[in-house]
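Novice: Here's a structure for you.
The values are calculated or read from the model by the stated rules, or taken from the named source; none is laboratory data. These figures come from a predicted structure and were not determined experimentally. Using ideal geometry, Cβ is built from the backbone for each residue, glycine included, and neighbour counts are taken over all protein chains shown.
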Amino acid sequence: MELPAQGKPFRPWHLPRKHYVRIHQWCAEIKDLTRHLKAAGALNFRPLAYLSLPGDELLDIRTIHGVCDSQGVRLSYLGFNTTGDGARADESRISENEVKALPRVYAQGSMVLNDALENVANEKSLARRRVLENGSFDVINLDLCGSVANQPPLTVGSTLEAVRALLEIQRSRRVEPWLLFLTTRVDTEVLDREVRARLRALTKKNAHSSADFKVALQACLEMEVDRMLELRDEELSQSVFAKLFGVGFGKWLLGLVLHSSPKWRIFVTSAFGYRVDRAPLDMLSLGFRFELIREPASDPAGLTLGAGSSVVLDSEESLAAGMAVAMGGVVDVDEVLYSDGRAREKIMNQFARLLGQARYGVDAYVAWVDGEHRDRGLIP
Amino acid sequence: MSKMQSKVPIKLDSELLKEITSKERTGEPTITRLQTDDRVLARVSDGIYRQPASALRELVANAYDADATEVIVQTDAPRFESISVRDNGVGMTKEALVHLINHIGGSAKRSWVGADVGVTSSSDPSRSPSGRRLIGKIGIGLFSVSQLSRTFTIITKRAKTNYRLIADVHLRTYSEDAPPSGANRPQSKSAGVGKDDAKFETGSVTIRSVLADDVEYHGTEIILQKLQPAARDMLRSREIWDRVNATTEDEAEVFGQAFSPPKYHIGEVDPKTDTIVKNTENLPWDKKDSPDERFRKLHDAVIAEAAETVAKPRLSSTLDRYLQTIWTLSLAAPLAYLDEKHPFDLSDADDPRFFQLSNAPKGQASELVLSDSRKTPRAALGLSAPGSEAKKIGFDVYVDKVKLARPLAFNGLPGSSRSEKEPNKRPLMFVGKFEASLEKIPEDVAGGRELSFEAYFLWTPKVVPTDHNGVLIRINEASGTLFDDSFIGYQVAELTRLSQITAEVFVHRGLDAALNIDRESFNFGHPHAKIVTLWVHRALRQIATTQKRIAKGARDVRRTAVGLKQRAQVAKIVESALDQAGVDETPSVEIITPSSQRELFEQRKKGVLAFNREIVLANIPDAIRHTVVDQQRRSNFEEKLKAAAQLLEAYGLLSQIPYEEQQKLLNGLALIFWDYK
């Protein structure tokens, strides 16, 4: 039977740059992690456990399924998506039916909850219960449309509270490394002022206490740290502000997991950005890898030599310096794609195929992308 | 509302089909009015199928009939707003979907229409496309769903197609208390249309097709979006939690203790928010357990109750409604037995002693001697009920990550023993079969003249849970009736023995026509049902004779061993009373000073009514003095107390209540009858 596409309108997250992030950040890092977990035998008896905000079309899950397929592992997912009762719910139901038909998806262990991620912070919520039933997770992908910190500190029900709750669950319930992806708007208008100030204070303190960190931060921002500290956020270029936010946020995460037992260290494994509204890099996609620090058992009686005395614990400063270095390498996806027609075409074709799974027409897609790119002045 | 003349369906089906096909290219929806037969509509007000387990059973049956190998039921427990039932069966063609939509409550199965729309085998309308014997009625499945949810979606796909069919069903809501009336009510007589022919609009359906690039995939998913409050509250065990939550401290004081929920439950969500957990779950499994392990632990937890809480646990006092639903579904569906061990495939290595049932009118059961060449009842009697080969059927049902199996085991049963010293405690397995061409019944009787079935009856000292006491009839491996503890109206007063029997009848041919429309009861006027009833009753008579003989033999041996002279006078009195009551077996009762609770559990596991001395003799100061005279006095008193317990038990008065209460009851008796010198 010949069926044409059925006229679903394309949305901003259908632009190729988003798929570039899916492929070059999410898939690439999940592939690395999967290899590691497989080698350690962790995935012999269980699927890769994935928590995300999959939207109505579950495009992330469809993409990541490709990695699982190539790595020969099953995938179980827990999604949060508040759809209401209307057309979005219809779309979501069909998408989930399709995704659960994918060969590597562990259907009975996977579900999208019609619930808000933010509820996870409430210890008595059903959302938290689901996380505890299905977790811990190998990958947590917080692909936010807005900003991770649009509310003041200490606000009940804020996204930051949910991030912290997830970290707490992960920290205490697993030993294997895991990945956190965070996609967030990064501009001064959508990030709460007080949150910005506190993240900046973390960075400032670190810059004063560690020369290595200061050097790394300077290289990352491509400007004098002292000069940067004199300026208000609004006075920084968008690119400097974005990188500064990335470092500050990473330091906040470190603070949550590095000082209480069991301790974890965090690496920024990748940083991608693109322009949504104001200026380049007002949207960031950050990849964090968490690794448990195995501390040697001490022998207070001094009877044994042990083997662990040579283990050197990472300092917060050195881990933060690493984060600054990684943030310095942030990839401006718009720049990559619009300076390289072949790269753009490749990712567009890949994505068109994926959109086909989600019932979009390939031809209509290419025409739509061209129009969008012209409208946005990205291509002539 | 418009009443439709009925002979239209064929035209209506084809019209609908034409429209759907013409809109495939655009993906435009086709909207149609949902219609159903008057006969079916009438059931709406009867309240059948409001039980979630019934609807799930019918959907699972439909999946089986569609040649699925796997069914995944997902709920959003403990909220229970939505349920999805997904199978990997052959999926529905446009024709089948249209037929289904236009005939909710009816069925294309078992008729040649089924083959035309791709629902059944092209050569045999009583079989699935791959040859399974059909167990469900597809329209009934959807009808039962309509009782749980007024809004649901069907997503279906056939292999080698590039589209999914989606039907969104919205049913009209009318008062559930009154039968549909007014505009909705048929005026059949005045319209001159037979009542059975009348059709009524009951809602609307939107059908559309969407592109699919997973060409090879096939299956059907039914998503119940908003459960009706009654169904939702039932799954939530609302009536239980309301009582638990309503018990104030004052009430607890008045009634002695707070009302507690069943031991195992899925927890409770706060009905005010639907997002906050009010009572945390207590499940018999751990979240790390595999789907198989989860079900095994659920089963074991129910069995363990016989040692830990009450001699004869009921499912309702052990499991909440949700877990009961899982249990019920696992009994009803065509599944493998726990441990993949069919009763017909047991051998000498297993606990039961085997007997063959006679089909002769006054026949008697004979011991079935198994040998190397006839290792199992299946081999010895040439039985064909799908058994350990059930694996070959390859039909797995999962409910929220629990893999269902028939929750019936045949070894290590509570109160049983394989010891030669206690032949009266060894389970007895009676096996038989019936196959006949029913020449005497009219040729045109619904269901035809062929009836064949096989059966087992397991006698065991204690059936746990008590819900498994009775006979369960499976037609082509599925059952909607569950265990009938009246054994189809068996009139002989054998209360104790009948309460010790679990039986299953596997019907291979016939009887289906005797099922009532609710598929949960039989029309016992039907010739097939009459024959099954007679056969079951004859079997029970054979079992009674055999079991009585074994029990008496064991008792005689014991009496000789103990020596009549040495038996206490009181024991003689008890036995004489039991004889008069027609009870063969003297219940075992022990009063002990246990070093741990486990010691009591162990005794109770063996079927002994074990009591804690400290509780039973509580508040009797003299009883715990330790002079020789007092010990003798206490010992004599305990003998009397045990005799009283034996009598109570023999009349079935003790096992029904929890052990804690049994002990309190005995303590009460002790306080009354103690000689306060």
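Novice: Among the residues of segment B:303-338, what is the count of those that are outside any strand (DSSP E or B) and within 24 Å of B:VAL608 (Cα to Cα)?
Specialist: Residues that pass the stated criteria total 15.
Novice: Also, I was wondering about something else. Under the condition of being within 13 Å of B:ASP584 (Cα to Cα) and not charged (D, E, K, R), which residue from segment B:485-497 is surrounded by the most Cβ atoms within 10 Å (Cβ to Cβ)?
Specialist: Once the filter is applied, the top-ranked residue is B:THR496.
Novice: What's the number of the condition B:ASP274 fails, among (1) touching a residue at least 60 places away in the same chain (Cβ under 8 Å); (2) away from every other protein chain (no Cβ under 14 Å); (3) out of contact with any helix residue (DSSP H, G or I) (no Cβ under 6 Å at 6 or more places or on another chain); (4) part of a loop (DSSP other than H, G, I, E, B)?
Specialist: (2)
Novice: Looking only at segment B:281-298, decide whether some residue is free of Cβ contacts under 8 Å to residues at least 24 places away in the same chain, surrounded by fewer than 15 Cβ atoms within 10 Å (Cβ to Cβ), part of a strand (DSSP E or B) and within 14 Å of chain A (Cβ to nearest Cβ).
Specialist: Yes, the conditions are met somewhere in segment B:281-298.
Novice: Within segment B:99-124, restricting attention to residues that are hydrophobic (A, V, I, L, M, F, W, C) and in a loop (DSSP other than H, G, I, E, B), which residue is modelled with the highest pLDDT? Can you show your working first?
Specialist: Step one: list which residues in segment B:99-124 are hydrophobic (A, V, I, L, M, F, W, C), which gives B:100-101, B:104, B:108, B:112-113, B:115, B:117, B:119.
So of that shortlist, the ones also in a loop (DSSP other than H, G, I, E, B) come out as B:108, B:117, B:119.
Numbers: B:ALA108: 52, B:VAL117: 71, B:VAL119: 74.
It comes out as B:VAL119.
Novice: Where residues in segment B:398-424 are more than 17 Å from B:GLN500 (Cα to Cα) and among the small types (Gly, Ala, Ser), which of them is surrounded by the fewest Cβ atoms within 10 Å (Cβ to Cβ)?
Specialist: Among residues in segment B:398-424 that are more than 17 Å from B:GLN500 (Cα to Cα) and among the small types (Gly, Ala, Ser), the one surrounded by the fewest Cβ atoms within 10 Å (Cβ to Cβ) is B:SER419.
Novice: A further question on this structure: Given the condition modelled with pLDDT of 95 or more, surrounded by fewer than 20 Cβ atoms within 10 Å (Cβ to Cβ), of a type in the set (S, T, N, Q) and not in a strand (DSSP E or B), answer yes or no: does some residue in segment A:71-83 qualify?
Specialist: Yes, segment A:71-83 contains a residue that is modelled with pLDDT of 95 or more, surrounded by fewer than 20 Cβ atoms within 10 Å (Cβ to Cβ), of a type in the set (S, T, N, Q) and not in a strand (DSSP E or B).
Novice: In this structure, is A:ASP363 part of a helix (DSSP H, G or I) and within 14 Å of chain B (Cβ to nearest Cβ)?
Specialist: Taking the combined requirement at face value, the residue satisfies it.
Novice: A follow-up question, please. Please determine, by comparing only the residues of segment B:206-251 that are within 14 Å of chain A (Cβ to nearest Cβ), crowded, with 16+ Cβ neighbours inside 10 Å and of a type in the set (Lys, Arg), which one is nearest to B:ASN102 (Cα to Cα).
Specialist: B:ARG208
Novice: In the set A:ALA216, A:ALA207, which member is over 18 Å from A:MET283 (Cα atoms) and in contact with a Phe, Trp or Tyr (Cβ under 9 Å, 6 or more places away or on another chain)?
Specialist: Among A:ALA216, A:ALA207, only A:ALA207 is over 18 Å from A:MET283 (Cα atoms) and in contact with a Phe, Trp or Tyr (Cβ under 9 Å, 6 or more places away or on another chain).
Novice: Would you be able to tell me the number of residues in segment A:265-292 that are of a type in the set (A, V, I, L, M, F, W, C), surrounded by fewer than 21 Cβ atoms within 10 Å (Cβ to Cβ) and touching an Asp or Glu at 6+ places or on another chain (Cβ under 7 Å)?
Specialist: The qualifying residues number 1.
Novice: Yes or no: A:SER270 polar (S, T, N, Q) and part of a helix (DSSP H, G or I)? Explain how you work it out, then say what you get.
Specialist: On the way: polar (S, T, N, Q): yes; part of a helix (DSSP H, G or I): no.
Spelling it out, it is not the case that A:SER270 is polar (S, T, N, Q) and part of a helix (DSSP H, G or I).
Novice: Just to be sure before I move on: is A:THR183 in a strand (DSSP E or B), surrounded by 20 or more Cβ atoms within 10 Å (Cβ to Cβ) and away from every other protein chain (no Cβ under 14 Å) in the structure I sent? If you could, list the steps in order and put the result at the bottom.
Specialist: Working: in a strand (DSSP E or B): yes; surrounded by 20 or more Cβ atoms within 10 Å (Cβ to Cβ): yes; away from every other protein chain (no Cβ under 14 Å): yes.
Yes, satisfied.
Novice: Any chance you could count how many residues in segment A:92-143 are in a helix (DSSP H, G or I), hydrophobic (A, V, I, L, M, F, W, C), more than 16 Å from A:THR63 (Cβ to Cβ) and more than 9 Å from every other protein chain (Cβ to nearest Cβ)?
Specialist: Residues that pass the stated criteria total 4.
Novice: Which residues, taken from segment B:506-542, are part of a loop (DSSP other than H, G, I, E, B) and either at negative phi or not basic (Lys, Arg) (or both)?
Specialist: Of everything in segment B:506-542, those that are part of a loop (DSSP other than H, G, I, E, B) and either at negative phi or not basic (Lys, Arg) (or both) turn out to be B:GLY510, B:LEU511, B:ASN516, B:ILE517, B:ASP518, B:GLU520, B:SER521, B:ASN523, B:PHE524, B:GLY525, B:HIS526.
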